[in-house]
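Here is the structure we will look at, set down as structure tokens.
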Amino acid sequence: MKEVVLSVASNVENRRQMMADALDWLMGVLAPLRCSMLYTTQALHGDSTYLNAVVSGYCDMPFEELHAMFKQHEVDAGRSKEMRIKHLVPIDIDIVIYDGEILKPRDFSQEFFKKGWEELKNPKK
């Protein structure tokens, strides 16, 4: 089993529902699923606000298969070229850490990830 740590985000009008749906779906992919609280951050480029969470769990899927599954879920949730042009992200699921390796150092160092990651690493009692 490989530990997987994800950045999950949405910036559309119904972002809270999009995040809830994605987290429900992720419960069927990673076990046990641990999730930070939901929190908002400003977009790195632009003026939109994202709802974010960091999620961790374990699975036995190879990285490529897991990555493809997440990207397909994004499309199924409404992510499209048209949405990208408008800078709208119904749901974004990125694998930041896989089996102890930081795959996205840039994301790892950004506030949208660090806030939730710190919460998961140091849960309040």
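The values are calculated or read from the model by the stated rules, or taken from the named source; none is laboratory data. Owing to the predicted nature of the structure, the values given are computational and were not obtained by experimental measurement. Backbone-built Cβ (ideal geometry, glycine too); neighbour counts: all protein chains shown. Accessible surface areas use protein heavy atoms only, side chains included; no ligands, DNA or RNA. Shrake-Rupley method; radii C 1.70, N 1.55, O 1.52, S 1.80 Å.
Among the residues of the stretch 89-100, the ones that are part of a strand (DSSP E or B), closer than 19 Å to Ser48 by Cα and of a type in the set (Val, Ile, Thr) come to 1 in all. Across the stretch 24-48, what is the number of residues that are open to solvent by 50 Å² or more (accessible area, probe 1.4 Å) and either part of a loop (DSSP other than H, G, I, E, B) or over 18 Å from Glu119 (Cα atoms) (or both)? So the answer is 12.
Tallying residues that are without any contact (Cβ under 8 Å) to a residue 40 or more places away in the chain, open to solvent by 80 Å² or more (accessible area, probe 1.4 Å) and more than 24 Å from Tyr39 (Cα to Cα) within the stretch 49-99 yields 6. Of the residues making up the stretch 101-125, those that are acidic (Asp, Glu), assigned to a helix (DSSP H, G or I) and either open to solvent by 80 Å² or more (accessible area, probe 1.4 Å) or in contact with a His (Cβ under 8 Å, 6 or more places away or on another chain) (or both) are Glu111, Glu118.
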